[in-house]
1. Which fully enclosed strands (runs of 3 or more DSSP E) of segment 162-222 have 2 or more residues being closer than 16 Å to THR232 by Cβ and modelled with pLDDT of 90 or more?
2. Name the residue that is modelled with the highest pLDDT, counting only residues in segment 271-284 that are open to solvent by 90 Å² or more (accessible area, probe 1.4 Å) and hydrophobic (A, V, I, L, M, F, W, C).
3. Residues of segment 275-320 being more than 16 Å from ASN155 (Cβ to Cβ), in a strand (DSSP E or B) and hydrophobic (A, V, I, L, M, F, W, C), which ones?
4. Quick check: is even one residue across segment 120-133 part of a loop (DSSP other than H, G, I, E, B), at pLDDT 85 or above and among the aliphatic types (A, V, I, L, M)?
5. Here is a check on your reading of the model: is THR315 at pLDDT 95 or above, over 18 Å from PRO160 (Cα atoms) and open to solvent by 70 Å² or more (accessible area, probe 1.4 Å)?
6. Since THR288 meets every condition but one in (1) of a type in the set (Val, Ile, Thr); (2) over 24 Å from the mean Cα position of the chain (by Cα); (3) closer than 23 Å to PHE248 by Cβ, which condition does it not meet?
7. For residues that are closer than 30 Å to SER109 by Cα and of a type in the set (Gly, Ala, Ser), scanning just segment 131-186, find the one that is most open to solvent (accessible area, probe 1.4 Å).
8. Looking at segment 21-50, which of the residues that are of a type in the set (D, E, K, R) and over 15 Å from THR102 (Cα atoms) is modelled with the lowest pLDDT?
Amino acid sequence: MKTKTILAIAITVAVVGCGNVDTNEINQCVENYIQYIPDHNKPKPDAKQVYTSEYWSLLDKAWQIPTPEGEYGDCEFLFYFIEGNGGCSPEAGKHQVVPIETKITSETSAFEVFDYVHPDGTKERHKINLIKQQGKWIIDDYDSSKVRLKEYINNNYVTPDLAFMEVKGRVKSVIYINKRKAFFDEQGNITKYCTEFSSTHNFNDASFDEVDDNGDVEVQLTRDGKGYITNTYDCPGGSEFFEYDTTFMRLTLRGGGDGGYWSAEKFGFDAEGYPTVSIVESDLGEETETDPERITYDKTDSHGNWLKRGNEERTIEYYE
C-alpha cells in the first residue's frame, strides 16, 4: 500500500462557471478545478459543485467502501487521479498544468488532455471531461475513471442493510429458497424484508402488529445507533439476533432462540484468510462453541456473492 498523502493545496481560486465556449476558458477551468481532484482523501464538500451529480455520487459511494485494511476510500486506482496533487512535496501547490490538447466537442461538452508537472519536474498526463450545466462547466469524468468506479461499486458497495443479508454491490433483491427475502433501493437500504413466515417488515414499535388487518404476518426489525439491524421478530418464527464487524461492514453472528436457550452461527476468518463458521450455543447461561470450520461456497455469482452455501440457496438481482 502506498503512503497516503494529504491534499494540502489551499483553495485560493473561487469556483467559477466558464461561460462562453472558448478553449482559453476551458484551460482556465481545468487549472482551477485541479485542486478539487481527489488523491487518497475524499474531496472536500465544497468540491461537489464542480462535479456532475452522477460523477459525485460515484465518488461518494466509492469512498464509503471499506478496504481490506478497514480504512475508507483508500482505493489504489483512485490514487492515480493526481498522485500527491502537490501535497506530497514540501513545495505543495507549486505545480503546473500544461494543456496538451483542448477540444470542444459541442456547446455543452469538452475535454482537455494536460500534463500535471510536479515541483521536481516530473510529469503525469491526464484527461478531464467537462460538460456545461446551467451555464457552468463541471467535471463529468477524469482519466476515464467513471467506468472503473461503476465496476468497483458494483462489486464492492456495502451498507448496514446489505451486510445484514450478506451481500455487496448494487443489489436489488435477495431471495432465499426458504422464502426469506429482501428488496433494496439503489442506495442499499431495505425497502421490504420478509422471513419465511412474514409478509413484510415494520420498524415502528407503536404500530407493530403480529398479524395485521389483512391477516398478514409482520416481522419487526430493530436497529442499533449505527443503523445495523440487530434483532428481528415475527410471531411464528420467533426472534433472531445479529452482530457485525462495523469496520468492515460484515455480518459476524446470526442466531435465534427463546427463553434460556439460544444458538448462533459465528462467522470469521482463519489465519490464512479463509472464511469460517462456528456454532455457539447457550443453555441457561452455559455457553459452548465448536471449533471454526472453513465455509465452502458451492456457487457464487460474478459479483462475488454466494448463491449456494451448504443447505442455503438464494438468487440475487442487481441494479444495472
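1. So the answer is 171-176, 181-184, 190-194.
2. Among them, the one singled out is ALA271.
3. VAL277, ILE279, VAL280
4. no
5. yes
6. Failing condition for THR288: (3).
7. This residue is SER144.
8. ASP39
The values are calculated or read from the model by the stated rules, or taken from the named source; none is laboratory data. Since this is a predicted model, take the numbers as computed values, not measurements. Virtual Cβ from ideal backbone geometry, glycine too; neighbours counted across all protein chains shown. SASA here: full protein model, heavy atoms, side chains in, ligands and nucleic acids out. Shrake-Rupley method; radii C 1.70, N 1.55, O 1.52, S 1.80 Å.
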